[in-house]
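The values are calculated or read from the model by the stated rules, or taken from the named source; none is laboratory data. Model, not experiment: these values are computed from the prediction. A quick note on method: Cβ atoms are made from the backbone with ideal geometry, for glycine too, and the neighbour counts reach across all protein chains shown.
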Amino acid sequence: MADEEKPQTKTAAKTGGSGKKKFLLFGGGGIGLLALAFVLAMVGVPGKQESKTFKGPFVAPLTAEKVQVNLTGSKSYLILDLNVVYDAYDESYFAERSADPLTIAEIRDALVALASSKSRDDVSDKVNKPIFMEEIRAAVEPLLFPVVLGDASQPHESDSKSGLTFGLSSSLATFRGPYEEHALHIDGGARTIQLDDGPVRKWTEEDGDLEVVAADGTTLYCDPTGVEPSFVGDVKVGVKGYPRRVLLKEILIQ
């Protein structure tokens, strides 16, 4: 009987030893993970702090419905159905912009104004048609991808953190840099504002349409009068995408 119990005793001993080893390994691994988490928390994760870049190309309809326009110098009219090829930080940004009622109205107005000045040859000729498509792209670019400030989602909105907004002459602005790569440096107490490495501008309470110039000469018009004196920091500024091309889904002249 004693001999029969020996294998069981050895098995039990092995099992006990194995359990201790598992516990020690698990405990050591847990300590290692905690140490790694502590180190990462102290030094940060560089990859998450890197600037975003445009993704794409993506493609989407420019308008939900076809646009009909009377051509100049004739009784003919043009029916346009267009796609846009674009790059953006987020593919969904285009859908949000193109679904906005104000943007829809502005795009249709731009298409009508442009196409109504064209003849049949301007929109159907093999040489002139690509020029017409590029003119459309240039016309809708600032409507689909406007320059925005900080956390504002619309070009007419203020950045909530700084109180900065665009000035009345913003339609004349030429700056269209990527949002994640540019910033306005603001000192509310000193009343100074600077676009990237451009010249520093001072403002007064009457400067509601202040021209701010980048190092490359492109301009913005800002209203800094709502900036609190206590605010000192950077406000991101720029576009969140751009259209590469406008493509024809369908063009009909009647």
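Overview of values
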| read-out | value |
| --- | --- |
| Count of the range 226-248 residues which are hydroxyl-bearing (S, T, Y) and either modelled with pLDDT under 95 or under 23 Å from the mean Cα position of the chain (by Cα) (or both) | 1 |
| Filtered residues of the range 188-211 (kept if surrounded by 14 or more Cβ atoms within 10 Å (Cβ to Cβ) and more than 15 Å from G226 (Cβ to Cβ)) | T192, Q194, L195, D196, G198, R201, E211 |
| Test for G73: is it on the phi > 0 side of the Ramachandran plot, surrounded by 18 or more Cβ atoms within 10 Å (Cβ to Cβ) and either outside any strand (DSSP E or B) or more than 19 Å from the chain's Cα centre (by Cα) (or both) | no |
| Sole residue being in a loop (DSSP other than H, G, I, E, B) and within 28 Å of T53 (Cα to Cα), chosen from G217, G238 | G217 |
| Count of the range 79-109 residues which are in contact with a strand residue (DSSP E or B) (Cβ under 8 Å, 6 or more places away or on another chain) and under 15 Å from A139 (Cβ atoms) | 6 |
| Single unsatisfied condition, T218 versus (1) closer than 30 Å to V59 by Cβ; (2) out of contact with any Asp or Glu (no Cβ under 9 Å at 6 or more places or on another chain); (3) in contact (Cβ under 8 Å) with a residue 60 or more places away in the chain | (3) |
| The range 119-137, subset of a type in the set (V, I, T) and assigned to a helix (DSSP H, G or I), residue nearest to V69 (Cα to Cα) | V123 |
| Selection within the range 188-212 - within 16 Å of D234 (Cα to Cα), outside any loop (DSSP other than H, G, I, E, B) and within 25 Å of the chain's Cα centre (by Cα) | I193, Q194, L195, V212 |
| Every pair of residues 6+ apart whose Cβ atoms lie under 7 Å, when the first sits in the range 37-66 and is at pLDDT below 85 while the second is of a type outside the set (K, R) | S51/E180; S51/E181 |
| Residue identified as of a type in the set (A, V, I, L, M) and in the same structural domain as E134 (by TED's automatic domain parsing) among L168, L195, L210, L247 | L247 |
| Test: residue in the range 96-109 that is at pLDDT below 95, among the polar types (S, T, N, Q), part of a helix (DSSP H, G or I) and touching an Asp or Glu at 6+ places or on another chain (Cβ under 6 Å) | no |
| Residue within the range 201-224 that is closer than 30 Å to V123 by Cβ and either of a type in the set (K, R) or modelled with pLDDT of 95 or more (or both) present | no |
| From D90, D122, D100, residue being touching a helix residue (DSSP H, G or I) at 6+ places or on another chain (Cβ under 8 Å) and surrounded by 13 or more Cβ atoms within 10 Å (Cβ to Cβ) | D122 |
